[in-house]
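The values are calculated or read from the model by the stated rules, or taken from the named source; none is laboratory data. All values derive from a computational prediction rather than experimental measurement. Here the Cβ is made from the backbone with ideal geometry for all residues, glycine too, and neighbour counts use every protein chain on show.
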Amino acid sequence: MRPKQLAGWLWLLGAIAAVGIAQAQTAVEHVIHTFGNMPMGANPCGTPVLDGRGNLYGTTYGGGADNLGVVFRLGADGYRVLHRFQGGADGSNPYAGVTLDSAGNLYGTTYNGGTSGQGVVYKVDTSGNETVLYNFAGGADGANPYAGVIVDAAGNLYGTTYQGGTGGKGVVYKVSPSGQETVLYAFTGGADGANPHGGVISDPSGNLYGTTYYGGSFNSGVVYKVDAAGHYRTLYSFPGQSTYGLGYYQLANSGVVVDVAGNLYGTTPYAGVGGMVYKVDASGHETTLYGFQGTQGGQRPLAGVIRDAAGNLYGTAANGGPANAGVVYRVDAAGHWTVLYAFTGGLDGAMPETGVVRDSAGNLYGTTVRGGAADAGVVYKIDPSGHETVLYTFTGGADGGFPNDVILDSAGNLYGTTEFGGAGSQTGLQEGVVFKLDPSGHETVLYSFTGLADGGVPTPGSTRDTSGNLYGTTQAGGLGGGVVYKLDAAGRETVLYTFSGAPNGFFPRAGVTPDSAGNLYGTTSGGGGVAGGEAGVVFKLSPAGDYTVLYTFSGGADGGNPVAGVVRDQAGNLYGTTQYGGRAGCVATGCGVVYRVDPAGQETVLHTFTGGSDGGDPYAGVILDAAGNLYGTASAGGANGGGVLCRIAARRN
């Protein structure tokens with residue numbers, strides 16, 4: 001609670017003392033204490049409490065001898081500082097106020113300080129003696145409590161931490177009178193919510209209720225219930241956006257109140273443009289008006305599709321689904337759409353920005369760039385019935401984080417890259433890794449990039465030859481524009497080519513495609529330098545390291561800035577997409593082309609996107625069937641504005 005809000009509380013208390021509860025009057029403010037003398041405390045942020053004798057108790061965030069806050073009492077004998085925080089083991093900077101028990105003891109939390117610097121739960125007795133009941137370590141036990149505590153008849157304290165816990169997103173905890181902490185629930189940051197800023201309240205049965213600042217189906221907070229045994233339930237997930245594009249985030253100390261029937265009441269400040277008041281009943285039903293946006297069937301497909309022998313197409317959408325965390329979908333030959341799996345945004349992953357691969361049994365494999373215990377992404381498997389198995393959860397450390405797509409070998413091993421993490425994660429050189437995942441889910445880091453001559457931030461689209469060598473590109477490192485690399489089965493890297501900028505291109509955003517002679521083909525999103533446009537190139541790299549620019553995009557009608565790679569037919573033609581260009585050099589939504597480049601370097605534009613019903617911004621590439629038809633996705637446009645899945649019929653020379 002801010003100082004201006006505290007003044008409102010003091011006005012109310014003064015009015016009650018002056019005229020009695022039954023005859024509450026209006027419009028007269030009584031300032032009964034002015035903060036600002038630093039040794040006596042400054043900047044109160046918590047709500048004060050009143051005892052039966054008319055004494056008022058609270059905290060200040062600053063002030064005191066070390067400017068780290070105080071616990072105070074204001075009574076008939078004036079203002080008194082009961083405890084000055086020193087910033088060591090006793091804690092520092094209490095955001096929340098205090099809770100009073102029947103014996104006159106005060107209980108509260110500090111956001112900082114303590115033995116680990118992650119905050120404490122403290123008790124101050126009637127003589128002003130402070131006892132630290134619990135020091136947060138910053139791990140599974142939680143860290144940095146913004147909110148205070150409540151106390152039950154047995155003297156147990158209950159509260160929340162903003163951070164820490166097994167998911168790093170805060171916890172609901174219990175501290176016994178002897179100082180033993182029990183984590184009742186650890187937030188994962190998914191549908192269950194994240195980062196509780198306010199505390200908890202309880203009902204006569206011992207159930208706890210509260211709100212979170214983030215998380216939920218739309219990352220806008222939830223209303224939750226935790227019973228005495230620690231069983232958690234999300235009662236309501238706040239919609240992520242109103243029609244005005246403003247979030248529904250739960251702010252500090254907003255919390256909820258509960259009536260005798262179990263209904264919860266609270267406010268959100270950013271519903272529409274003026275905020276809202278909501279009620280959530282005991283069954284989780286919300287009765288206020290609210291905006292809802294999100295596409296159940298998925299939206300924003302950033303990856304291409306794969307096709308099985310029956311003509312079914314499989315792919316991912318980075319957003320949409322019930323939790324707006326993305327989906328894996330199938331489209332059959334008749335055009336029927338099925339969501340095979342909708343990510344929840346929790347331990348199962350979130351935001352599948354790359355596509356899927358499929359084994360002979362019909363299982364699909366892919367990655368998400370977020371979600372998992374560390375919110376650094378996962379590798380997943382989805383069986384034909386739509387059941388998901390998380391094969392590996394990245395920590396964001398030496399094992400990598402934010403994975404790109406994967407490829408599958410005949411033994412069931414998966415290979416891929418991550419854009420973050422690696423052996424340099426302790427020194428700041430977190431430039432990504434190449435990894436292998438065996439069928440049991442064991443990860444081996446084959447190579448960690450340094451961001452120097454060897455490259456950094458590997459792109460999606462690794463390829464593997466029959467000898468087990470891996471080939472790919474990086475977006476950074478080398479001379480600053482990325483490299484093409486080869487990694488042998490033992491994990492030894494060879495830089496095959498270093499991009500130096502225009503006219504040879506730079507910043508490859510996709511992997512490479514090999515032919516039977518060992519040549520590699522790919523694209524760069526920048527460079528080329530036609531008329532100063534630097535709109536990217538299509539290139540060929542021979543086994544001897546000879547680099548040839550096959551085609552340079554102008555950024556005009558021929559397209560520009562290809563962020564996807566190419567596919568190759570038996571005649572040696574290359575097919576791909578550009579994200580921009582096409583419509584008179586368009587660089588806004590609704591741009592891009594599908595192109596073909598023949599072996600002589602002649603480009604043909606097969607389709608120019610309009611941004612209307614045909615889609616726009618084809619972020620991903622295309623696939624090719626035996627008849628020469630191309631299939632792909634556009635991330636924008638379409639009848640509903642959420643992108644399209646398209647087929648481009650074969651064209652003959």
The residue that is surrounded by the most Cβ atoms within 10 Å (Cβ to Cβ), considering only those in region 47-66 that are within 11 Å of Ala96 (Cβ to Cβ) and in contact with a Pro (Cβ under 7 Å, 6 or more places away or on another chain), is Thr59
Can you report the number of residues in region 438-485 which are surrounded by 22 or more Cβ atoms within 10 Å (Cβ to Cβ), among the hydrophobic types (A, V, I, L, M, F, W, C) and within 18 Å of Leu408 (Cα to Cα)? 1
Just to be sure I understand, how many residues within region 128-180 are of a type in the set (Val, Ile, Thr) and surrounded by fewer than 24 Cβ atoms within 10 Å (Cβ to Cβ)? 6
If you take the residues of region 67-108 that are out of contact with any helix residue (DSSP H, G or I) (no Cβ under 8 Å at 6 or more places or on another chain) and of a type in the set (Val, Ile, Thr), which of them is surrounded by the fewest Cβ atoms within 10 Å (Cβ to Cβ)? Thr99
Filtering strands (runs of 3 or more DSSP E) wholly in region 105-207 for at least 2 residues that are among the hydrophobic types (A, V, I, L, M, F, W, C) gives 120-124, 130-135, 171-175, 181-186
Show me the strands (runs of 3 or more DSSP E) entirely contained within region 307-405 in which 1 or more residues are β-branched (Val, Ile, Thr) and surrounded by fewer than 24 Cβ atoms within 10 Å (Cβ to Cβ). 327-331, 337-342, 356-358, 378-382, 388-393
Which residues, taken from region 90-102, are of a type in the set (A, V, I, L, M, F, W, C), assigned to a loop (DSSP other than H, G, I, E, B) and modelled with pLDDT of 90 or more? Val98
Only one residue in Ala325, Ala350, Ala303, Ala317 is on the phi < 0 side of the Ramachandran plot, at pLDDT below 75 and either touching a strand residue (DSSP E or B) at 6+ places or on another chain (Cβ under 8 Å) or β-branched (Val, Ile, Thr) (or both), so which one is that? Ala303
Any residue in region 550-560 that is at pLDDT 90 or above, surrounded by fewer than 24 Cβ atoms within 10 Å (Cβ to Cβ), of a type in the set (D, E, K, R) and out of contact with any Pro (no Cβ under 8 Å at 6 or more places or on another chain)? yes
Give me a count of the residues in region 104-133 that are of a type in the set (Asp, Glu) and touching a residue at least 24 places away in the same chain (Cβ under 8 Å). 1
Working only within region 358-375, note down all residues that are within 19 Å of Thr417 (Cβ to Cβ) and either at pLDDT below 90 or among the hydroxyl-bearing types (Ser, Thr, Tyr) (or both). Tyr365, Thr367, Thr368
Please name all residue pairs, on different chains or six or more residues apart, with Cβ atoms under 7 Å, provided the first residue is in region 429-452 and is farther than 14 Å from Phe402 by Cα and the second residue is assigned to a strand (DSSP E or B) and among the polar types (S, T, N, Q). Lys436/Thr444; Phe449/Thr474
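Okay, residues lined up against (1) of a type in the set (Val, Ile, Thr); (2) more than 19 Å from Pro503 (Cα to Cα); (3) modelled with pLDDT of 90 or more:
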site	(1), (2), (3)
Gly532	no, no, no
Ala535	no, no, no
Asp569	no, yes, yes
Gly576	no, yes, yes
Gly601	no, no, yes
Between Gly468, Gly412, Gly422, which is in a loop (DSSP other than H, G, I, E, B), at pLDDT 90 or above and closer than 23 Å to Gly366 by Cβ? Gly412
Which of the numbered conditions does Thr450 fail, given that it passes all the others? Conditions: (1) part of a loop (DSSP other than H, G, I, E, B); (2) closer than 19 Å to Ala564 by Cα; (3) hydroxyl-bearing (Ser, Thr, Tyr). (2)
In region 221-235, residue nearest to Ser176 (Cα to Cα) [restricted to those that are at pLDDT below 85 and surrounded by 24 or more Cβ atoms within 10 Å (Cβ to Cβ)]: Val223
Of residues in region 181-199 being of a type outside the set (Phe, Trp, Tyr) and within 18 Å of Gly377 (Cα to Cα), the one surrounded by the fewest Cβ atoms within 10 Å (Cβ to Cβ): Ala191
